[in-house]
Amino acid sequence: MTNYERLLELMEISFQNEPFHTLNLVLEPSSNHQVPGGTCSDKSLSFRRLAREHGFDAHLHNAYIGGKDCHRLVRVELEGSVYFADVGNGWPAVIPYPAHESIQYTVFGISFRSEITSDFISVFNNTGNGEKLMVKIPINAKTEKEILHDIDQRFSEGMEYPFSGKIRFSAISGDEFLFLKGSSIRKYSSSGGHTRESVPEGEWPGIIESNFGWKIREV
């Protein structure tokens with residue numbers, strides 16, 4: 001197995017074992033839900049640790065969503081090249097974006113592609129409703145110290161996120177990618193099929209348990 005293949009394996013582990021979720025924002029701190037993962041900051045910190053444990057030169061990197069410097073991912077320097085592992089954006093971006101070339105791929109019927117300019121790597125995705133700009137990754141990032149400060153202050157400086165106060169929960173489960181978003185759960189299969197089911201928004205703890213396998217104790 002090459003180092004690049006090992007990096008891909010670690011990213012898949014992250015998407016399977018650590019869901020993207022907003023439980024820390026919609027539950028009281030006393031809930032002690034015990035679900036790993038979290039938002040982009042939580043997942044990036046965890047993946048940086050995992051990558052370093054396996055010998056990778058991994059660092060936090062900031063990025064922009066909707067024009068706001070509010071996103072975090074992991075920059076991996078591998079054999080003279082730079083790759084960006086975006087494990088915490090909520091979608092299954094299972095292949096890292098290289099800084100030296102644009103890429104395009106489709107997984108679970110969801111398309112991803114990158115465009116490179118002198119200042120940014122722009123990443124687009126298409127879930128079946130047209131292509132959208134997902135994230136812009138600056139080539140020259142903040143220092144890791146600055147990013148860690150931003151993470152510490154991310155909920156205390158009035159920053160508004162698209163998911164603020166809303167339930168979001170997504171992960172790879174078997175041969176599907178599942179995404180609970182408010183009153184619907186979307187299921188994307190490895191064969192490219194896509195379904196969307198309406199769900200009672202107030203019953204999301206049971207929906208997460210039955211679809212993802214994590215038990216949530218709401219208090």
Worksheet item: In region 118-136, is there at least one residue being over 22 Å from Lys43 (Cβ atoms), surrounded by 11 or more Cβ atoms within 10 Å (Cβ to Cβ) and of a type outside the set (Asp, Glu)?
Response: yes
Worksheet item: Exactly one of (1) in contact (Cβ under 8 Å) with a residue 60 or more places away in the chain; (2) over 28 Å from Asn129 (Cβ atoms); (3) among the hydrophobic types (A, V, I, L, M, F, W, C) is unmet by Met1. Its number?
Response: (1)
Worksheet item: Restricting to region 181-208, what's the tally of residues that are over 21 Å from Phe112 (Cβ atoms) and crowded, with 16+ Cβ neighbours inside 10 Å?
Response: 6
Worksheet, complete the sentence: Within region 121-144, the residues that are part of a loop (DSSP other than H, G, I, E, B) and either under 19 Å from Arg72 (Cβ atoms) or modelled with pLDDT of 95 or more (or both) are Ile139, Asn140, Ala141, Lys142, Thr143
Practice prompt. Considering each residue of region 51-72, count those that are surrounded by fewer than 21 Cβ atoms within 10 Å (Cβ to Cβ) and either basic (Lys, Arg) or closer than 26 Å to Asp175 by Cβ (or both), and give that number.
Written response: 3
Worksheet item: Is it the case that Val87 is of a type in the set (A, V, I, L, M, F, W, C), part of a loop (DSSP other than H, G, I, E, B), touching a residue at least 40 places away in the same chain (Cβ under 8 Å) and buried (at least 20 other Cβ atoms within 10 Å of the Cβ)?
Response: yes
Item to complete: For region 12-49, enumerate the residues that are touching a helix residue (DSSP H, G or I) at 6+ places or on another chain (Cβ under 8 Å), in a loop (DSSP other than H, G, I, E, B) and hydroxyl-bearing (Ser, Thr, Tyr).
Response: Thr39
Item to complete: Those residues that are part of a loop (DSSP other than H, G, I, E, B) and touching a Gly at 6+ places or on another chain (Cβ under 7 Å), I need them from region 164-219; list them, please.
Response: Lys166, Ile167, Gly192, Gly193
Worksheet entry | Restricting region 101-120 to residues that are in a loop (DSSP other than H, G, I, E, B) and not small (Gly, Ala, Ser), the residue that is nearest to His194 (Cα to Cα) | Phe108
Worksheet item: Based on what the data block shows, is Lys166 in contact (Cβ under 8 Å) with a residue 60 or more places away in the chain, over 24 Å from Val35 (Cα atoms) and either touching a Pro at 6+ places or on another chain (Cβ under 8 Å) or surrounded by 12 or more Cβ atoms within 10 Å (Cβ to Cβ) (or both)?
Response: no
Worksheet entry | Tally, over region 90-102, of residues that are more than 28 Å from Ser156 (Cα to Cα) and either touching a Cys at 6+ places or on another chain (Cβ under 9 Å) or surrounded by fewer than 16 Cβ atoms within 10 Å (Cβ to Cβ) (or both) | 3
Practice prompt. Identify, from the list Arg75, Arg48, the residue that is more than 22 Å from Ser170 (Cβ to Cβ), charged (D, E, K, R) and crowded, with 19+ Cβ neighbours inside 10 Å.
Written response: Arg75
Fill in: Filter pass, Glu9 being of a type in the set (Asp, Glu), assigned to a helix (DSSP H, G or I) and surrounded by fewer than 15 Cβ atoms within 10 Å (Cβ to Cβ)
yes
Worksheet item: If you go through region 174-191, how many residues are within 20 Å of the chain's Cα centre (by Cα) and at pLDDT below 90?
Response: 3
Worksheet entry | Residue check, Val87 in contact with a Cys (Cβ under 9 Å, 6 or more places away or on another chain) and either at pLDDT 95 or above or not polar (S, T, N, Q) (or both) | yes
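The values are calculated or read from the model by the stated rules, or taken from the named source; none is laboratory data. From a predicted model like this one, the values you see are computed outputs, not experimental measurements. Cβ atoms come from the backbone with ideal geometry, glycine included; neighbour counts cover every protein chain shown.
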